[in-house]
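First up is the structure itself, then whatever we jot down about it.
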């Protein structure tokens, strides 16, 4: 096996580990039993309690303001993703210059122009994914605000209808949060993918590092313990 072939083999293995590890974690962490034990499940239970409290209030201005603040965060990350996509797309035409600069650094593996463009395409794909996730989460937040505005005024006759509407609203906000969470994970994935520009072994190491961060924050963080409801 020649040196270029060996280099390509390591790159393919590193990319496969990256995709399988992070995509697999996204799938496994979304399984019902695990999700309920994670910070995602804990926050969703708090949303349900929030919407139940909202349903019995006569004035819901505070609820709309809280939701508006959450939606602005999604808009910020969506616009940030779009800016990053533009910057990476501009690098496609001058990737050889960036590649030369990188290879001047110690321990940076040599890369063919084709492989370097594949690395850029991976980064662009990640941020395109994040953009669509954040944009849809932003739109869903608008729908949730409409649901809050449409909540019936509570009285003795329609109390059950109010609570049922509140549960649907909490679920809708939860769906928006799922998309926002997926978009935010894209930023973590991009940090790991950046290591591929230096060396495929660095990509494998960064993948394990990012996976450890996600597992800790989703299942073992102090914030999760504080938000858990017995």
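Scanning segment 72-88 for residues that are loosely packed, with under 15 Cβ neighbours inside 10 Å and more than 16 Å from the chain's Cα centre (by Cα) gives 83, 86, 87.
Can we say residue 45 is at pLDDT 85 or above and within 30 Å of residue 159 (Cβ to Cβ)? Explain how you work it out, then say what you get.
Details: at pLDDT 85 or above: yes; within 30 Å of residue 159 (Cβ to Cβ): yes.
Yes, satisfied.
Using the structure shown, decide if residue 94 is at pLDDT below 85 and assigned to a helix (DSSP H, G or I). The answer is yes for residue 94. Within segment 195-214, does at least one residue satisfy the condition of being closer than 28 Å to residue 54 by Cα, out of contact with any helix residue (DSSP H, G or I) (no Cβ under 8 Å at 6 or more places or on another chain) and in a helix (DSSP H, G or I)? The answer is no; no qualifying residue exists.
Return yes or no: is residue 146 surrounded by fewer than 14 Cβ atoms within 10 Å (Cβ to Cβ) and farther than 25 Å from residue 15 by Cβ?
Numbers: surrounded by fewer than 14 Cβ atoms within 10 Å (Cβ to Cβ): yes; farther than 25 Å from residue 15 by Cβ: yes.
Yes, satisfied.
For the structure I just gave you, tell me whether residue 157 is surrounded by fewer than 19 Cβ atoms within 10 Å (Cβ to Cβ) and either in contact with a helix residue (DSSP H, G or I) (Cβ under 6 Å, 6 or more places away or on another chain) or outside any helix (DSSP H, G or I) (or both).
On the way: surrounded by fewer than 19 Cβ atoms within 10 Å (Cβ to Cβ): yes; either in contact with a helix residue (DSSP H, G or I) (Cβ under 6 Å, 6 or more places away or on another chain) or outside any helix (DSSP H, G or I) (or both): yes.
Yes: the conditions hold for residue 157.
Among the residues of segment 23-33, are any modelled with pLDDT under 90, outside any loop (DSSP other than H, G, I, E, B) and more than 30 Å from residue 199 (Cβ to Cβ)? So far as segment 23-33 goes, yes, one or more of its residues are modelled with pLDDT under 90, outside any loop (DSSP other than H, G, I, E, B) and more than 30 Å from residue 199 (Cβ to Cβ).
Could you please find all residues in segment 66-92 being free of Cβ contacts under 8 Å to residues at least 40 places away in the same chain and closer than 19 Å to residue 139 by Cβ? Reasoning before the result, please.
Going through segment 66-92, the residues free of Cβ contacts under 8 Å to residues at least 40 places away in the same chain turn out to be 66, 69, 72, 76, 79-80, 83, 86-92.
Residues satisfying the conditions are 66, 69, 72, 76, 79, 80.
For segment 184-230, the set of residues classified as more than 19 Å from the chain's Cα centre (by Cα), surrounded by fewer than 17 Cβ atoms within 10 Å (Cβ to Cβ) and within 30 Å of residue 116 (Cβ to Cβ) consists of 201, 205, listed by residue number.
The values are calculated or read from the model by the stated rules, or taken from the named source; none is laboratory data. The model shown is predicted, which means the values in this text are computed figures rather than measured ones. Cβ atoms come from the backbone with ideal geometry, glycine included; neighbour counts cover every protein chain shown.
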